[in-house]
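Before any comments, here is the structure.
What follows draws every value from the coordinates through simple rules; no lab data is involved. Predicted, not measured: the structure shown is a model, and the values here were computed from it. Heads up, the Cβs are rebuilt from the backbone with ideal geometry, glycines too, and the neighbour counts pull from every protein chain shown.
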Amino acid sequence: FPVGVPVCITIFFLQGSKAVAGLWLCQPAPRCGDQVYDPLQHCCSDDTILPLNRTRQCGPNCTFWPCLELCCPESFGPKRFVVKLKVLGTQSQCPSSPISRICPSMLPISLTDVLRKTRRI
């Protein structure tokens, strides 16, 4: 599809045994780079079409949904990662997006892991 060409859908209303042409819904097709995608099944993240349920790693101990969230490294203090929400209809960026959650800075360590490191097991 050329850029800016709307995709139109015809809706038919059934009346008895006749199908009557009804409303035309015309909206610009969502694009990701030069490809059209279905926003009910996919999103566009960094010019890549992704399934809505795709997850990615955010730092060493956290995952996030790139269709709905941003992974934001914090630059102050010890390195930590914050997952922030993408705001619909805007070009979401880490400094201005609302916080969804703060990623844990360390993996939980089990007693078994501690004992292995001290060679008691």
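Quick look at the numbers
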read-out: Mean Cβ count within 10 Å, highest first, over the residues of peptides 60-70, 43-53; value: 60-70, 43-53
read-out: 5 angstrom amide H check on SER100, placed H, neighbours 5+ away; value: VAL83, LYS84, LEU85
